[in-house]
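Undergrad: Here it is: the structure, laid out below.
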Amino acid sequence: MGLLALVSFPAVAQLEIEQPWTRATAPGAKVGVGYMVIRNKSASADRLVGVSSPAAARVETHVTLKDGDIMRMREVKGYEVPANGSFELKPGGAHLMFVDIQRPFKEGERIAAVLTFEKAGELRVEFHVGRLGTPAHGRH
Ligand SMILES: [Cu+2]
């Protein structure tokens, strides 16, 4: 460990975003969700610390917790992505919340967003808009 500490690692982290997708929103809906897999190929952990999108007033990072029979959502301060590992956002679990969307997300469109990581910096992604789903999203 002592020797390793002397090696200077390059600052470039290797993060990959797989299958970023979202759902079409119902007319008048104010929020949208975002899912993806964040894969970290570097030897150090990284952290998603912020998300922004021109399609929404703000984008929050949420987790889903089971409260009896009800799934509830809570905002968290980003997600930790382990070294040589991944973090998955999926229905019923962690997800991005596009809050106060400018207009409905339509199936087939792409929603642009910028993910900000502690080490890797900014990463641009486009969320593919899928079918309008059942609102298995729980309550906020
Ligand atoms: Cu949420």
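Undergrad: Answer yes if at least one residue in the range 121-137 is within 16 Å of the ligand (Cβ to nearest atom), surrounded by 15 or more Cβ atoms within 10 Å (Cβ to Cβ) and modelled with pLDDT under 95, and no otherwise. Talk me through it step by step, then tell me what you get.
TA: Residues of the range 121-137 that are within 16 Å of the ligand (Cβ to nearest atom), as a first pass: 127, 133-137.
Those still in the list that are surrounded by 15 or more Cβ atoms within 10 Å (Cβ to Cβ) too: 127, 137.
Cutting the leftovers down to modelled with pLDDT under 95 gives us 137.
Scanning the range 121-137 turns up at least one residue that is within 16 Å of the ligand (Cβ to nearest atom), surrounded by 15 or more Cβ atoms within 10 Å (Cβ to Cβ) and modelled with pLDDT under 95.
Undergrad: Suppose we filter Ala94, Ala113 for residues that are at pLDDT 95 or above and either more than 11 Å from the chain's Cα centre (by Cα) or more than 13 Å from the ligand (Cβ to nearest atom) (or both); which single one remains? Please lay out each step first, then the result.
TA: Values: Ala94 fails: either more than 11 Å from the chain's Cα centre (by Cα) or more than 13 Å from the ligand (Cβ to nearest atom) (or both).
Exactly one residue qualifies, and that residue is Ala113.
Undergrad: Output the residues belonging to the range 37-62 that are outside any strand (DSSP E or B) and closer than 16 Å to Phe127 by Cα. Break it down into steps so the answer makes sense when it comes.
TA: Of the range 37-62, the ones outside any strand (DSSP E or B) are 41-45, 53-55.
Scanning the range 37-62 gives Ser53, Pro54, Ala55.
Undergrad: Moving to a separate point now. From the list Lys77, Lys66, exactly one residue is modelled with pLDDT of 95 or more, more than 12 Å from the ligand (Cβ to nearest atom) and surrounded by fewer than 12 Cβ atoms within 10 Å (Cβ to Cβ). Which is it? Can you show your working first?
TA: Numbers: Lys66 fails: modelled with pLDDT of 95 or more.
Exactly one of Lys77, Lys66 is modelled with pLDDT of 95 or more, more than 12 Å from the ligand (Cβ to nearest atom) and surrounded by fewer than 12 Cβ atoms within 10 Å (Cβ to Cβ), namely Lys77.
The values are calculated or read from the model by the stated rules, or taken from the named source; none is laboratory data. Predicted model only: the values in this text are computed from it and were never measured. Neighbour counts run over all protein chains shown; Cβ positions are idealised from the backbone, glycine included.
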